[in-house]
Amino acid sequence: MSSSITSPNNTERYHARVISRQGKRYLVETDDSKQHLCHVRSKALETICGDRVICQRQNQSLDVIESIQTRDNQITRLDNFNRQKTVAANIDHMLIVVAALPEFSSLIVDQYLACASLIRCKASLVVNKAELAYQQSMDVKQITQTYQPLCEQVIFVSAKLGYGLQSLRHLLNDDYAIMVGQSGVGKSSLINRLLNTQQIKVSALSDGIQQGMHTTSHASAYDVGLGKIIDSPGVRSFSPIFAKEDRIVDGFQEFADFAADCKFSNCEHLKEPHCAVKEAVDKGQIMPSRYTNYKTLHEQHSCQNSFY
Ligand code: GDP
Ligand code: ZN
């Protein structure tokens, strides 16, 4: 149901979600999947894909985005000039794509997982190119054992063979998701595969709305049947940057089960004595690769902070 609000002067307002931007115009969608083209009331309203907004209906012209609701989260990337650029908001689910080729990197996965934890969104591990896993001696068992407890799901797919795509759609479960991962793992191929239904949906829009939909450099949310994927080259190449105040340890959720037993309440699980997290690693209760990656990311973050 789309919710509409009528004010005393009889102006109709409605809640919607920004799904695309074309120049100065924004395509918004209500909960009941109705789409409207809008412009923003003031340039100061920096609206991005995924924003929840309140719009005002206009009879003679485009509807107007009046206000943006507080974001649950947002993802920010560095542009070519090292400036931070916010690319999408209110992400429910981060799909971390990996493959046997290019070689699986647990450090990259742990970096994305930490980012998902810190911005409080769900994460799933999507192992693409599943048909190459055996031939490339990918340690599927180890990957599943490590990440199954930390993710919504670990799912094996192949964009090439069309394998696992329906399960991937089901995994979305009405979420606004993004696909991330290192270059070459098959994100574009998966998105193109998932978009088959979207092409039909887009062509159902009026010509005016459809114009330029696929040429925009801004992120757009594409309907993939059972959820939406927010995508743009910027989103796909998004690599997590941690804020100064972020605590990397908060991105390693399984450490919390043990940290209460560390001798020092502010233990960072590095060189401190009587550290229950390090003991859990020694006992095999925490995966050694997770602990090693934690130390690497913690070190990188400390170096980065010393430059602020
Ligand atoms: P991206 O950089 O993550 O967007 O990756 P691309 O979608 O551009 O894919 C990189 C390469 O992997 C291309 O040559 C694709 O054809 C290939 N590729 C993508 N998915 C699969 C797959 O499931 N199996 C195999 N064997 N190759 C794939
Ligand atoms: Zn500790």
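When the criteria are applied in full, residue 183 fails the requirement of being farther than 22 Å from residue 293 by Cα, of a type in the set (Gly, Ala, Ser) and either away from ligand 1 (no atom under 16 Å from the Cβ) or in contact (Cβ under 8 Å) with a residue 60 or more places away in the chain (or both). For segment 155-171, name all the residues that are out of contact with any Gly (no Cβ under 8 Å at 6 or more places or on another chain), hydroxyl-bearing (Ser, Thr, Tyr) and not in a helix (DSSP H, G or I). Answer for segment 155-171, where residues must be out of contact with any Gly (no Cβ under 8 Å at 6 or more places or on another chain), hydroxyl-bearing (Ser, Thr, Tyr) and not in a helix (DSSP H, G or I): just 163.
Summed over segment 110-133, the residues that are over 16 Å from residue 185 (Cα atoms) and in a loop (DSSP other than H, G, I, E, B) give a count of 3. Residue-level analysis places residue 150 among those that are surrounded by fewer than 21 Cβ atoms within 10 Å (Cβ to Cβ), hydrophobic (A, V, I, L, M, F, W, C), touching a residue at least 40 places away in the same chain (Cβ under 8 Å) and touching a helix residue (DSSP H, G or I) at 6+ places or on another chain (Cβ under 8 Å). Taking the conditions (1) modelled with pLDDT of 90 or more; (2) assigned to a helix (DSSP H, G or I); (3) more than 16 Å from ligand 2 (Cβ to nearest atom); (4) touching a helix residue (DSSP H, G or I) at 6+ places or on another chain (Cβ under 7 Å) in turn, residue 250 satisfies each one other than (3).
Among the residues of segment 117-142, the ones that are away from ligand 1 (no atom under 16 Å from the Cβ), out of contact with any Cys (no Cβ under 6 Å at 6 or more places or on another chain) and without any contact (Cβ under 8 Å) to a residue 40 or more places away in the chain come to 3 in all.
Taking the criterion of being more than 11 Å from ligand 2 (Cβ to nearest atom) and of a type outside the set (S, T, N, Q), the residues of segment 257-285 that qualify are 257, 282, 283, 284. One residue stands out in segment 184-202 among those that are modelled with pLDDT of 90 or more and not in a helix (DSSP H, G or I): the one that is surrounded by the most Cβ atoms within 10 Å (Cβ to Cβ), namely 185. Only residues that are outside any helix (DSSP H, G or I), surrounded by 23 or more Cβ atoms within 10 Å (Cβ to Cβ) and within 16 Å of ligand 1 (Cβ to nearest atom) were counted in segment 89-109, giving 6.
The values are calculated or read from the model by the stated rules, or taken from the named source; none is laboratory data. A quick note: this is a predicted structure, and the numbers were derived from the prediction, not measured. Don't worry about glycine lacking a Cβ; one is built from the backbone with ideal geometry, like all the others, and counts go over all protein chains shown.
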